[in-house]
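To keep things clear, I will list the structure first and then write my remarks on it.
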Amino acid sequence: MCGQLGQYENAANLTRQALHLAPNLLGMYENLAGYTLALQRFDETRQTVQDVQARKLDDYILHNALYALAFLRADSAGMTRQRQWYNENREFETFGLALASDTEAYGGHLNKARELTERAVDSAIRADNKESGAIWQANAALQQGGYGNAIEARKSAAKALKLSPESQGVEVEAALAFAITGDRARAEFLARDLGKRFPLDTQMQSLWLPAIQAQLALNRKNPSAALATLQTASPIELGQITFVNNISCLYHVYLRGEAYLAIGQADAADAEFQKILDHSGIVWNCWTGALAHLGVARANALQTKNLSGADADAARVRALAAYKDFFTLWKDADSDILKEAKAEYAKLQ
């Protein structure tokens with residue numbers, strides 16, 4: 001429970017105590033690997049995985065963590081090694097494909113990401129794991145929505161709901177995807193259903209439903225309402241989401257950054273996007289991590305308009321550097337967002 005509340009230090013300490021009493025509990029090692037990732041203690045994560053594997057214990061969750069470590073260090077060979085493990089252990093193949101899809105989407109390679117998502121969904125269905133397949137489809141809907149492909153995002157969300165209509169994770173991600181794409185009716189319908197089905201679920205009431213409502217407020221050009229709605233998320237905003245491969249995409253943090261940009265509060269927007277970058281061990285290869293680089297650039301570009309003299313010049317330098325970071329990340333992306341970012345960069349030069 002501590003992990004879902006974002007209390008990773010407490011969660012890690014309690015897990016270590018449990019392992020001291022029962023050192024062969026695979027699940028405890030898996031939890032500890034996730035908690036240390038969330039705390040940005042990557043060497044500890046690797047040691048934890050090595051310790052449990054030395055006990056001849058293994059599972060796909062440990063390999064998810066190893067994939068995350070490789071991704072965070074830009075270790076393509078390490079990611080390939082983990083992909084090979086998933087391929088050799090076919091019952092877990094779907095997880096490797098889903099991770100690879102997220103990595104391609106992170107780099108702006110939407111066509112490759114789409115292809116890998118389709119393979120991940122098919123693999124999950126073959127393994128009689130429709131809910132995981134539906135989660136990957138809902139993830140794709142959020143990616144496409146976040147990257148501005150509304151029609152495809154809605155189709156993916158609808159497919160996810162059809163594949164696993166009773167899944168909480170599928171329904172909540174689909175609702176947010178519909179909200180991102182401006183489909184207010186379907187987003188509100190699903191949000192009402194979720195509120196009724198999970199009235200006592202802390203993350204549902206404090207994270208997911210506020211995120212959906214905030215996105216709808218942003219669609220209505222009401223960033224102040226979005227910020228007010230997102231206040232409930234702050235105490236547990238870093239909490240672990242249990243149904244995804246990574247720990248959390250921090251959607252509510254991303255939306256708060258977007259709201260601050262819309263309202264013209266550049267410093268606050270920068271802080272929110274930077275929070276995503278500073279918690280890469282939570283976000284991993286989620287698309288919000290990629291667009292957080294662009295968010296930082298846009299926030300600093302806005303600062304150049306709000307400041308004057310040397311302060312404005314310094315903000316401009318920071319903005320240009322952040323745009324360059326994003327261009328490096330998306331050097332061969334197939335998304336219109338890259339064109340928009342290059343146009344914004346050109347105006348700053």
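Every number here is computed from the coordinates shown, using simple stated rules; none is lab data. This structure is a prediction, so every number in the text was calculated from the model and none was measured. No Cβ is skipped: glycine too gets one built from the backbone with ideal geometry, and neighbour counts run over all protein chains shown.
Just a few scattered comments:
- Out of 58, 51, sole residue that is of a type in the set (Asp, Glu), in a loop (DSSP other than H, G, I, E, B) and either more than 19 Å from residue 250 (Cα to Cα) or in contact (Cβ under 8 Å) with a residue 24 or more places away in the chain (or both): 58
- Among the residues of the stretch 255-282, the ones that are touching a Ser or Thr at 6+ places or on another chain (Cβ under 7 Å) and surrounded by 23 or more Cβ atoms within 10 Å (Cβ to Cβ) come to 2 in all.
- Output for the stretch 105-147, where each listed residue is over 21 Å from residue 179 (Cβ atoms), of a type outside the set (D, E, K, R) and either touching a residue at least 40 places away in the same chain (Cβ under 8 Å) or surrounded by fewer than 21 Cβ atoms within 10 Å (Cβ to Cβ) (or both): 106, 107, 108, 109, 111, 121, 125, 127, 129
- Filter result for residue 291 (touching a residue at least 24 places away in the same chain (Cβ under 8 Å), more than 23 Å from residue 8 (Cα to Cα) and either surrounded by fewer than 19 Cβ atoms within 10 Å (Cβ to Cβ) or charged (D, E, K, R) (or both)): no
- Note on the stretch 262-279: residues that are under 13 Å from residue 304 (Cα atoms) and not in a helix (DSSP H, G or I) amount to 2.
- Selection within the stretch 282-328 - in contact with a helix residue (DSSP H, G or I) (Cβ under 7 Å, 6 or more places away or on another chain) and not in a helix (DSSP H, G or I): 284, 285, 286, 307
- Hits in the stretch 5-45 (condition: over 15 Å from residue 284 (Cα atoms), in contact with a Leu (Cβ under 8 Å, 6 or more places away or on another chain) and outside any loop (DSSP other than H, G, I, E, B)): 8, 9, 12, 15, 16, 18, 19, 26, 28, 29, 30, 32
- Scanning the stretch 323-349 for residues that are out of contact with any Leu (no Cβ under 6 Å at 6 or more places or on another chain), buried (at least 18 other Cβ atoms within 10 Å of the Cβ) and within 18 Å of residue 74 (Cβ to Cβ) gives a single hit, 333.
- From the list 243, 189, the lone residue that is in a loop (DSSP other than H, G, I, E, B) and of a type in the set (Phe, Trp, Tyr) is 243.
- Checked against the criterion of being surrounded by 21 or more Cβ atoms within 10 Å (Cβ to Cβ) and either among the small types (Gly, Ala, Ser) or in contact with a Cys (Cβ under 6 Å, 6 or more places away or on another chain) (or both), the candidates 175, 150, 185 yield just one match: 175.
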